[in-house]
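Just below is one structure, and these are the notes that go with it.
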Amino acid sequence: LVSGAVAVSFLPDHAVVTWVVWVAAVAALLVALSCVACRDPGVLRRHPEKPHARWRWNDQARTYRPPGAAYDEDLGLIVTGFDHVCPWTGTGIGEKNMGAFHAFVSLLCVCIVLDVLIIMRVLP
């Protein structure tokens, strides 16, 4: 929303290089957001029998889970390397989408800084 307002209100006064950098940053942000939201966070299939000695039973999911995996109440599943549920992407963040989540958060910061620099007319 902020980047859209910046594009309409402030970018027309800037050089082509600023446009290219801004478009690349926003496009990369949208790709990272898509990767986080659409990628499997590490959902574990059900194991009715104990596959390994260190696995523990989880009553909510009615399955065994390995160390490092946790039950996510929002998803109703066991997720390996579960960290949290992200309200921005609407999905659980786990072992398999953690890299994309870090890229999303980093690119979000880059886009905010870029928008502020454009609004303050620091960039050409």
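The values are calculated or read from the model by the stated rules, or taken from the named source; none is laboratory data. These numbers come from a predicted model, not from an experiment. In this analysis, Cβ positions are derived from the backbone assuming ideal geometry, glycine residues included, and neighbour counts consider all displayed protein chains. Ligands, DNA and RNA are excluded from the accessible area calculation, which covers all protein heavy atoms including side chains. Shrake-Rupley method; radii C 1.70, N 1.55, O 1.52, S 1.80 Å.
Take the conditions (1) within 30 Å of Val17 (Cβ to Cβ); (2) touching an Asp or Glu at 6+ places or on another chain (Cβ under 8 Å); (3) polar (S, T, N, Q); Ser106 misses just one of them, which is (2). Here Val21 meets each of (1) crowded, with 16+ Cβ neighbours inside 10 Å; (2) in contact with a strand residue (DSSP E or B) (Cβ under 7 Å, 6 or more places away or on another chain) with one exception, condition (2). Name the single residue, out of those in region 15-64 being under 15 Å from the mean Cα position of the chain (by Cα) and touching a residue at least 60 places away in the same chain (Cβ under 8 Å), that is nearest to Val116 (Cα to Cα). My answer is Val26.
Name the one entry in Pro66, Pro87 that is open to solvent by 60 Å² or more (accessible area, probe 1.4 Å) and at negative phi.
Checking each option against the conditions leaves just Pro87.
Looking only at residues of region 41-63 that are assigned to a loop (DSSP other than H, G, I, E, B) and among the hydrophobic types (A, V, I, L, M, F, W, C), we find that the one that is surrounded by the fewest Cβ atoms within 10 Å (Cβ to Cβ) is Ala53.
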